[in-house]
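Report on one structure; see the data block that follows.
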Amino acid sequence: MMIPQSKLKSTLASLRRAGKTIVFTNGVFDILHYGHIDYLTKAKRLGDILIVGLNTDASVRKFKGKNRPIQNERDRARILDSLKPVDYVVLFSEETPERLIRKVRPDILVKGADYKISEIVGAEFVKSYGGKVKRIPLQKGRSTSGIIKMLKDE
């Protein structure tokens, strides 16, 4: 379900009262591929509820360049929302998800194993209240950047 940040507090309070373990990850999820599906499925297995922070188009352009994203934020959010492992999709416009992570206060923060724990935005905050930070191995040869490069080379 796509949820605005303004509804997070009440939604999360209800989920926590029900004893649910909240897992959070974030990303661009521009051209969805098997690597994304595998990653999100493994992230979901770590808890009960998977919340995906999705970069807005403006924030993607800041760090990926003017030609990205390929798909607009609404389409990317709808695609993520249709995936079985994903419970909630929340847009964020900052360059990093730090502020959103502070709002969500996940029980488990997840990123790909291509990041060191020390490089994961929000990791120190999550650990400060007893939350866990997990790294998930990525599927080799499965990346949006790789797909785009392959298409350019054709």
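Overview of results
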{"item": "Considering residues of the stretch 62-100 that are basic (Lys, Arg), at pLDDT below 95 and assigned to a helix (DSSP H, G or I) only, the residue surrounded by the fewest Cβ atoms within 10 Å (Cβ to Cβ)", "result": "Lys62"}
{"item": "Boolean, Ala43 is among the aliphatic types (A, V, I, L, M) and either in contact with an Asp or Glu (Cβ under 7 Å, 6 or more places away or on another chain) or within 21 Å of Glu95 (Cβ to Cβ) (or both)", "result": "no"}
{"item": "Residue in the stretch 45-55 that is assigned to a helix (DSSP H, G or I), surrounded by fewer than 17 Cβ atoms within 10 Å (Cβ to Cβ) and either of a type outside the set (A, V, I, L, M) or touching a Leu at 6+ places or on another chain (Cβ under 7 Å) (or both) present", "result": "no"}
{"item": "Hits in the stretch 18-41 (condition: under 14 Å from the mean Cα position of the chain (by Cα), among the polar types (S, T, N, Q) and outside any strand (DSSP E or B))", "result": "Thr41"}
{"item": "Sole exception among (1) at pLDDT 95 or above; (2) on the phi > 0 side of the Ramachandran plot for Tyr39, by number", "result": "(2)"}
{"item": "Odd one out for Thr41, checked against (1) touching a helix residue (DSSP H, G or I) at 6+ places or on another chain (Cβ under 8 Å); (2) surrounded by fewer than 16 Cβ atoms within 10 Å (Cβ to Cβ); (3) among the polar types (S, T, N, Q); (4) under 22 Å from Arg135 (Cα atoms)", "result": "(1)"}
{"item": "Search result, residues across the stretch 118-154 that are outside any loop (DSSP other than H, G, I, E, B), at pLDDT 90 or above and either of a type in the set (Asp, Glu) or surrounded by 13 or more Cβ atoms within 10 Å (Cβ to Cβ) (or both)", "result": "Glu119, Ala123, Glu124, Phe125, Val126, Lys127, Lys132, Val133, Lys134, Arg135, Ile136"}
{"item": "From the options Ala77, Ala113, Ala123, residue that is in contact (Cβ under 8 Å) with a residue 60 or more places away in the chain and among the aliphatic types (A, V, I, L, M)", "result": "Ala77"}
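The values are calculated or read from the model by the stated rules, or taken from the named source; none is laboratory data. Bear in mind the structure is a predicted one, so any value in this text is a computation, not a measurement. Neighbour counts run over all protein chains shown; Cβ positions are idealised from the backbone, glycine included.
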